[in-house]
1. Out of (1) modelled with pLDDT of 95 or more; (2) buried (at least 18 other Cβ atoms within 10 Å of the Cβ), what's the single condition that is false for residue 54?
2. State whether one or more residues within the stretch 275-287 are under 19 Å from the mean Cα position of the chain (by Cα), within 30 Å of residue 17 (Cα to Cα) and modelled with pLDDT under 95.
3. In the stretch 151-173, how many residues are closer than 20 Å to residue 103 by Cα and either buried (at least 19 other Cβ atoms within 10 Å of the Cβ) or under 21 Å from the mean Cα position of the chain (by Cα) (or both)?
């Protein structure tokens, strides 16, 4: 089972520290973890409390690609509404080339209406728009010339130049029936998040995914499954508490990773708390133990 970390791109406390993100990425690579991921948001505005700003995901991933050599790099996940399909395909092809073929293109329809509204993006028909968007992005990434006339997106003799050097893997995040049907039709891998221990919610999502694959006539073995986890080091102070966070020992964390692997997940994508190199080292230790 692959294990990666989510980079902390949010500006906690009103400031952001690139050097911290840099150190996190380099620690993940040095410790043998498999991937680093960046959330794609402008900000998060809860119903109560202060707005939390975030750095732009693709810029961060491009910088991380330049300082690492081995780990996969990926957004978790790109909001399709924020970038046109042609632009996204060109961005993906370029970053994949820059990184030496290490990009996983994680995509989704988006969900946080306040950031849509703040920057003038339409909040209606998110999944319908995503369905058109992905039908343009995927063939462009395969090196095809695309003509497409949809309700929201169009492409006319569109192509990526130079053409992508490989088939860039595409991950789609989603849990509701219509998004799962698009996962079954278009994705190389699927993500569901965020969890501590497996629970009824997860098992319901797995059953819904299996149903979508069956409806699409797709072999379940052809779709990689990834899981987003929340992991807290119980020996270090952290503001994050509660049952939604897994706070076991290193050995227990290794057991948790094995448990998810037994459920069919091939990649664990982990938010670690607190935001320290030690939390990443601890996760890497658990990953090594889980592999026996």
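The values are calculated or read from the model by the stated rules, or taken from the named source; none is laboratory data. In this text the structure is predicted, and so the values were computed from the model without any measurement. In this analysis, Cβ positions are derived from the backbone assuming ideal geometry, glycine residues included, and neighbour counts consider all displayed protein chains.
1. Condition (1) is where residue 54 drops out.
2. Yes - at least one qualifying residue is present in the stretch 275-287.
3. Residues of the stretch 151-173 closer than 20 Å to residue 103 by Cα: 159-173.
Still in the list and also either buried (at least 19 other Cβ atoms within 10 Å of the Cβ) or under 21 Å from the mean Cα position of the chain (by Cα) (or both): 160, 164, 166-173.
Adding up the residues that qualify gives 10.
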